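Step one of this worksheet: look at the structure below.
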Amino acid sequence: MKRINFKILLMGLDLVLVVSMYLLTPLLTKDYDSVRFSITVFKPDILDILKNLYWILPIYWFSFYFFKLYSSLWRYASVEEAINVFFAIVSSSALVALFKPLFKSELQVNEIIIANLLLFLILVGIRYSYR
C-alpha cells in the first residue's frame, strides 16, 4: 500500500512539472517588454495552455507509464533511467505536436520543444538528486 501511494505521489509530481514547464515556456519564448510586463501581457498564452491540458496531460502520463518511469521508484538512478526519461519525453512531445492540429491548439512547436527540454533536465535532475 505504501508503494502504491508513493507511485501516485511521483506521478502527480511529474504531471505538476509538465504543467509548470508549459506555463514557464511563454516567458522564455515571447518577446515581452520588460517595462510594461504584467500578468495581462501573457495571459492569452497561459489560457491557451490551460485549455489544452486536458489532452496534453494524458499523453505525458501514458508515455511516462509506458516507458516504466515508475517501476524503479527512483531507488537506483542510472543511465538507463535517464534514457527512459528521454524517450518518454521525446515520444510525448511528438504526440503533442501531432495531435496539436486535431485539437486546434495554438501552441507553437518551439514552445513544445523548449518545455520538453526543460522538463527533461528537471526530471533527470530530480531523479539523480533523490539517489
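The numbers here are math on the coordinates, done by the rules we state, and not lab data. Bear in mind the structure is a predicted one, so any value in this text is a computation, not a measurement. Positions of Cβ are backbone-derived with ideal geometry, glycine not excepted, and every protein chain shown enters the neighbour counts.
Structural remarks
- Around Tyr22: net Lys/Arg minus Asp/Glu count, Cβ-Cβ under 11 Å: -3
- For Lys30, the lysines whose Cα falls under 25 Å of its own Cα, not counting residues fewer than eight places away in the same chain, are Lys43, Lys51, Lys100, Lys104.
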